Structures are given as structure tokens and as C-alpha cells.
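J.: Here it is, the structure, as C-alpha cells.
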Amino acid sequence: MSSHTRATGSVRWVGVSHRTLMAWRLLSAVMLLVMGGIHLYLVFYGVGGVLGDLFVLNAVGALVLAIAIIVLRGRLLSLATVLSLLFMVGTLLALVLALTVGLFGIREVLSFKLVPTTLVVESIGTIILAVTVVLVLRSRRAP
């Protein structure tokens, strides 16, 4: 989405439409809510202890970030989208580590409830949030 100007030879960013940006923001919020919902579901159906507490915190964090992505504007929106991307990547990384080498003494197996679904949701969510971050940052720089 850049255009090359002949006179100066510089690259100028073309602005992102409000409708496009809002669609990506909504999609990002939905992915955060789905991720948080999966973790909350697992708490209600068998995951307890410290891991259950962490899953509840994950669900609350996902809800707060999803609301922030929809409500905030300007610099705070940029911050919310970047934090959301880091949150999603961190959650995905934690699951991958638990599946491979273990994380904080917890080893996960791929056959456990919703693990494959969670891998797919968090992977797609990471891609969607990465696109949203780029679009939000680009829209802030548009003339």
C-alpha cells in the first residue's frame, strides 16, 4: 500500500480507510475473545490450581485488550494493538513450550481438550493482530 512519487523518488504511504481499519480491529478483538473464551472454558471444565488461575487471568486480559482495541484511539490504540499482539504471541509460545519441553513443570499433550483448536486460534490470531498493528501504525503516519 505504498505509492512511488516520480518527482521526489520518495515512498509515500497511502492512508488506510476507516472502514478497513475498523474491520481489522473487530477481527482482532474477536480473536482475543475466542482465545480468552477457550481458556475460561478450560477452567470451568477441569483445569484448576495455579494453571486454572493463570487461565482466568488470560481470559480477563483478553477481554480488557479486546475492549481497548475497539474503544481507544490515537497513541493508546497503537499501544493496545501492540500489547495485544505480544499477549497473543506470548500465549501461543507458552502453549508450544508446554507441548515440547514443558513450562513451569507443566507438560501438555496435543490430545488434551481444545489444544489443537487453541493452536489454530492463536496462530491465526497472531497473524490478524500483526496485520492490525501494521494498519494502525500506518494510519497514524498517513498525511
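The numbers here are math on the coordinates, done by the rules we state, and not lab data. On a predicted model such as this, the values are computed, not experimentally measured, just so you know. Cβ atoms come from the backbone with ideal geometry, glycine included; neighbour counts cover every protein chain shown.
J.: Nearest 0.05, what FRET efficiency do LEU54 and HIS18 give at R0 = 41 Å with Cβ-Cβ as r?
T.: 0.65
J.: Output needed: percent of Cα pairs per 10 Å distance bin for the chain, bins running from 0 to the one holding the longest distance.
T.: The calculated distribution, bin by bin, is 12, 37, 26, 15, 7, 2, 0.
J.: Something else now. Just need the relative contact order of the stretch 36-141 here, percent rounded to a whole number, with Cα pairs under 8 Å and 6+ apart.
T.: 25
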